[in-house]
Every structure is written in structure tokens, then in C-alpha cells.
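Structure first, then comments.
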Amino acid sequence: MSSVTVRQATTTDNLDVVSVKRAAIRADGRESYSADQVAAWAPDADELDDYQQALGDDTYHVLVAESGDETVGFGVLNVETGALLALYIQPDRRGTGIGSRLLGQIETTAKLNGADTLDLLASRNAVSFYAEQGYERGETIERDIDGETLAFVTMETAL
């Protein structure tokens, strides 16, 4: 396996990022959500516009992890609120340290931008990953995504 590099995302990464998110949700979402919920949650072409807007806005810090020419993960930080908005890893790359590495760089960026804590909404299948990284579990909340109600868990860590 080739080494993994992490870099600032660019507009040319949009299809790769959406593909990583779609693959991760479809592969791991089934552990905790129904097929209809997974289908609603998995991104479609509309998310390409959201991604492009995030890259053009200083509010967001978007990182991409690559192995060779392949995008294997990404993370999105809202710098203003100190919230991790997304962290997804290609399913076949789970457990290789990519998620921890991306998360560490996002935490550093949040801290450098004045955040004392980093909070996030974790899918039920990701709670154990964040707990292993030192995040405290909060309340379960429900979000409506494309007509489906999905439960997520609030989590937070001190920086």
C-alpha cells in the first residue's frame, strides 16, 4: 500500500470527495440505519454544488487524504463554529490510521483558529471511532434527510 498524504482540497476533488462519502455511507451505514435511510443519506449530484461553495468560503477548511492518485478520505471543518462537519474514509481503507490523521489535522486547525473544543454529529456507526479518539458522547438527535429521519449522536472534545 502506498503512503497517504493529506492536503488542502481543491475544486478538482469534488467528484472524488462525493464518491468517498457515498461509498462510506453505503458500506457502513447499513450497520446502524435502514436501507431507505442509507439511500437518503448517501450524497447525490446536488452535493457537488455544496462542496464547491464550501471551497470558496473561508468559513470551511476542507482536507483530502490521498494514496497515489486515489482519494481515500476527506474532512470538513467549520472554522467559525469549531464543528467537524464531515469525516469520511474509503471503506477498504478503514483501520489504517487515515481517519485519525485527518481528524488530528482538523483538530489542530480548529485550535489554531481559536476553538477550545471541537464538536460533531456522529452517525451511530462512527460513535466508537470518535470515543476512541477522546470524544465525549452527548445526546442523540434526529435529522430529516430527504424525507427520512436518522439518529445522530452529538460528541465533543477539548482541544
Output the strands (runs of 3 or more DSSP E) that fall wholly within segment 81-159 and possess 1 or more residues being of a type in the set (Asp, Glu) and touching a Gly at 6+ places or on another chain (Cβ under 9 Å), or say none. 117-123, 148-158
So, first residue within 15 Å of Ala131 (Cα to Cα) in segment 95-110, second residue of a type in the set (S, T, N, Q) and in a loop (DSSP other than H, G, I, E, B), Cβ within less than 8 Å, six or more apart or across chains; the pairs are Ser100/Gln133; Leu103/Gln133
I'd like the residue in segment 59-72 that is without any contact (Cβ under 8 Å) to a residue 60 or more places away in the chain and either touching a Cys at 6+ places or on another chain (Cβ under 6 Å) or farther than 21 Å from Asn113 by Cα (or both) and, out of all such residues, is surrounded by the fewest Cβ atoms within 10 Å (Cβ to Cβ). Asp69
Residue set Ala39, Ala23, Ala45, Ala35; condition in contact with a Pro (Cβ under 8 Å, 6 or more places away or on another chain) and surrounded by fewer than 18 Cβ atoms within 10 Å (Cβ to Cβ); output residue Ala23
Could you identify the single residue in Asp58, Asp116, Asp69 that is of a type in the set (D, E, K, R), modelled with pLDDT of 95 or more and out of contact with any strand residue (DSSP E or B) (no Cβ under 6 Å at 6 or more places or on another chain)? Asp116
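The values are calculated or read from the model by the stated rules, or taken from the named source; none is laboratory data. Because the structure is a prediction, the values reported are computed rather than measured. Glycine also receives a Cβ, built like all others from the backbone with ideal geometry; neighbour counts cover every protein chain displayed.
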